[in-house]
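The numbers here are math on the coordinates, done by the rules we state, and not lab data. Predicted, not measured: the structure shown is a model, and the values here were computed from it. Cβ placement follows ideal geometry from the backbone for every residue including glycine, while neighbour counts extend to all protein chains displayed.
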Amino acid sequence: MIAALVQMSALSGRRSQSKVNIRELEEPGESLALLTKSDKNFDTGNHMAFTVLKDETLEDLQLNSLYILQKSESFRFGMDAVLLSGFVSAKKNQRILDLGTGTGIIPILLSEKTRAQRITGVEIQHDIADMAKRSVDGNHLNGRVEIIEGDIRNITSFLEPASYDIIVSNPPYTKAGSGIMNPNESKAMAKHEICCTLMDVLSNGTLTLKPRGEFYMVHRPDRLTDVLEGMRRVGVEPKAWRRSVAISCKGLKKRKSRPQSPCRPYHL
């Protein structure tokens, strides 16, 4: 996997404890001003209020009291997004753009792991973009993180060209027409190149990238040639790449001899 090994940043202080209010709505179209149905206490930071729809769950990211909303039956973020967020390096006044942000996981993680001034996520699916916006609102990240509902194939219609220092993307890995298509439309769009191809991500991403900017991407190793060829076509050159490492953990058996380590790293 073209990504980072896990790079965890040191946390800069802890926020004080308070309560997360979870507002559960009966229907997605109901007003957010409806009566709160359930409130739950969590050890979190500032006072946060998350509006959770009936088909969503609220997940603790285990990173300085950050939370994220996810659909129960739609695509949920995986380790690739976490690895990618650990690979990105951004300075204090830089701006980051995440193409195909999905749940908003990468902008939310980058808000804690980097000192970037502004982080924008673009998502084409209306319900997923709305959920990502509510995750940003609940974590009080509106001052730094913005979620835009839009099609990256028309990115210059809503974003200024050459306006971002860093582009990141965890794009669909599988070409349209290949592999087994998931019957769930949201999952299929996240895994297959239905709404955008690799070249769509590269070509439109570089349109918004400043000269001498940086482009970070995670992708499958069997498409490394496609990634490198696509980069050359749009005028960017790879400077660094890392393979992700998976850990296979098994329970220890009682042995008289020296016990083996339960975790064996192997490269994907």
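Would you please classify the overall shape of segment 75-245 from the alpha carbon gyration tensor, given that a ≥ b ≥ c denote the square roots of the eigenvalues, rounded means a/c under 1.5, and beyond that prolate means a/b larger than b/c while oblate covers the rest?
Values: a/c = 1.41, a/b = 1.10, b/c = 1.28.
Because its axes are fairly even, with a/c under 1.5, segment 75-245 counts as rounded.
Sorted by average packing, counted as other Cβ atoms within 10 angstrom per residue and highest first, what order do 200-206, 122-128 take?
Details: 200-206: 22.1, 122-128: 19.6.
In descending order of packing, they fall as 200-206, 122-128.
Do any of 54/91; 133/210; 71/210; 71/239; 91/175 go past 31 Å between their Cα atoms, and which?
Too far apart for the 31 Å limit: 54/91; 71/210; 71/239; 91/175.
What does the charge count around residue 237 come to, taking other residues whose C-beta lies under 15 Å from its C-beta (Lys +1, Arg +1, Asp -1, Glu -1)?
Numbers: positive: 212, 232, 233, 239; negative: 214, 229.
Net charge in that neighbourhood comes out at +2.
In percent, how large is the relative contact order of segment 75-245, given Cα pairs closer than 8 Å and 6 or more residues apart?
22 percent
Give the shape of segment 52-92 as rounded, prolate or oblate, defined through the alpha-carbon gyration tensor: a ≥ b ≥ c are the square roots of its eigenvalues, a/c under 1.5 means rounded, and otherwise the shape is prolate if a/b is larger than b/c and oblate if not.
Values: a/c = 2.95, a/b = 1.83, b/c = 1.61.
Note, shape of segment 52-92 comes out prolate.
So how do 104-116, 161-173 stack up, highest first, on mean other-Cβ count within 10 Å?
Ranked from most to least packed, the peptides come out as 104-116, 161-173.
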